[in-house]
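Below is one structure, written out as structure tokens, with a few remarks after it.
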Amino acid sequence: MIRRKLRMTTLLSVLLIGGLAAPNSSGAEELLVAQAPSRPGAPARAGAAAPDGNNPLVQALQMARSGNYVEASMSLFQLSYSPRFRNRRTQIRYILGLTLFEMNLNQVAAFQFISVVRQGESQYLRQALEKLSLAADNLGDDTLLNYALGRVRVDDFPRIHRDMLNYRIGEFQLRNNQFPEAARSFSRVQRASGLFPKAKYMEGLALTQANQLPRALRAFEDLFDSRRAFGPTDSARVSALMGMARVYYQQRNWDRALDVYRQVPRDTEAWHDTLFESSWAMLRSGRFRSALSNFHSLHSSYYEDFFIPESLLLRSIVYLYICKYDEMEKVLNLFNQIYRPVYRQIDQALNSTNDPVVYFNEMVRMIRDQKLNDGSTEETRYLIPFLVGRRIMKEGDFQTSYNYISRLLEETRRVVEMPAEWRQSAVGQYAQRVLQTRIARARERAGRQIRAHLESIRLELFDLFEQEGFIRFEMINGKKQALQKRIAGRDLPQTQVDEGTRRDYYIQNGFEYWPFRGEYWLDEIGNYHYVGTQSCD
């Protein structure tokens, strides 16, 4: 309700003040008289022209002022092309943009504001940039945002919108690898703003990219402290924990990183990532048993649709360290069994078509089926492997494009719901053409992003296959050395993987010991403990 009131105030101020004082216009005084309420018996001003009730611009402005945006937009659109009002075209297009903005047609309104900006210096330039930024923010359109942000000054913006502007500027700087500048922009978002959690996380991310790790850690800690009242599963609180853990890992503080990873609740989406990331910290700190315990959960049937090829190679390396060559070979064979068909399917998809819309439509079908089937898509065949599609769905650039297309489709539905007279009018036809064009181009852009990710994943898998070959060579070499020792009669000691604990250690400390029989239970995920022995001499 507050936002609506602010928009209306802005529109009225344009209609009653700035919008009616166009230079070099003989009708300016006439419009001022037409807009001003008359008092009974008040004498007419000397030299003032009488209101012209037949002036179409006066009528259009009156309709806009009274909130009749549908009628006003039809009239203003026609007047914006009229030679009679050529000197008022910038004013008309700006007010037309405001009426469309009030109708929640952000994309169509944005084009009007862009036309005002392209006219250069005028009394509407600053307001047009402000409204263009708001429309682009509502749409989540990076292209429009970049266009507006390259021309706007933060100090010219109303205070109520400055947090949004600082956040968007920070995003723009982060995409262009301006990490210190991005961190400064994100830090300017006020704590009371709804954007503060995102901004604080992005500030920590930018500082991490700038290798300013102590400052990054403070940013994540500040975010964590600000979300204490929201419960342990709050997404911003979890993001802060993940950021802190990653900074500690980058500082090679393995123990502290593991402590923070363990604070991520299991019933959050990020917990799966903590299993893999913490496994690296365990490996780097020599906690082989703990790493293998993590991998047992990570490679359970509950996560078979996740794209995590590196985790299988990492698991095989742990087995290499403890000389478990048979287990190592099983894991390497599993890696090939899962990911070589994925590689071939990606290769076939990339060679089958260059049409980006095909990739986008396939991804949309995958997202739709995942929602309808509650994630069960085993029997459905796609051009793109499903576990690869799941990964691409989470990529930031694709999410931005997908959300933008969703908002364009919502705007299209609003146009369809408009009165038939408006849809068939010049502005209605124009709105439909704009939206159809933008949707088509956005789909092509999203499709190109999907193809780029597929090419990157194909290259990633190719590199991993090379690493698998090197690891397999080390396995064969290890087997050879173990066989030579066995032939020489040297018995291998059966020592524990980590510093010695037996099964009774777990029982004495409140654990129930159940041998793994090949069945996975959801409530057991994360509770597995590897108690095997190493076989190294």
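Since every read-out is calculated from the coordinates, none of them should be taken as a lab result. Model, not experiment: these values are computed from the prediction. Counting neighbours? That spans all protein chains shown, and the Cβs are built from the backbone with ideal geometry, glycine included.
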remark   = For the pair Asn333 and Asp347, the simple spin-label estimate (label points 7 Å beyond Cα toward Cβ) gives in nm 2.3
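What's the FRET efficiency of Glu455 with Asn138 using the Cβ-Cβ distance as r and R₀ = 25 Å, to the nearest 0.05? If you can, show how the numbers build up before the last one.
On the way: r = 32 Å, r/R0 = 1.30.
With a Förster radius of 25 Å, E is 0.15.
Gln251 to Arg228: extension gain in nm, 0.36 nm per residue of separation minus the Cα-Cα distance? Don't skip to the end; give the middle numbers.
Details: separation 23, 0.36 × 23 = 8.28 nm, distance 2.53 nm.
Between Gln251 and Arg228, full extension yields an extra 5.8 nm.
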remark   = Cβ density ranking, 10 Å radius, fewest first, applied to Arg252, Arg88 yields Arg252, Arg88
remark   = Val364 and Leu483 label points (each 7 Å along its Cα→Cβ direction) are spaced in nm at 5.7
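How much net charge surrounds Ala216 when only other residues with a Cβ under 12 Å from its Cβ are counted (Lys, Arg +1; Asp, Glu -1)? Numbers along the way, then the final one.
Details: positive: Lys200, Arg215, Arg218, Arg246; negative: Glu203, Glu221, Asp222.
Computed value for this residue: +1.
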message = Could you tell me the calculated FRET efficiency between Arg414 and Ser122, based on Cβ-Cβ distance and R0 = 25 angstrom, to the nearest 0.05?
response = 0.25
ask   = Can you put Arg368, Arg227 in order, fewest other beta carbons within 10 Å first?
value = Arg368, Arg227
query = How many percent of Cα pairs in segment 305-490 exceed 23 Å?
reply = 58
query = Label Lys394 and Asn87 with points 7 Å out from Cα along Cα→Cβ: what is the distance between them in nm?
reply = 6.2
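Which whole-number value in Å³ per residue fits the convex hull of the alpha carbons of segment 253-338? Could you put the intermediate results ahead of the total?
Values: hull volume 7.3 nm³, N = 86.
Once divided by residue count, the hull of segment 253-338 is 85 Å³.
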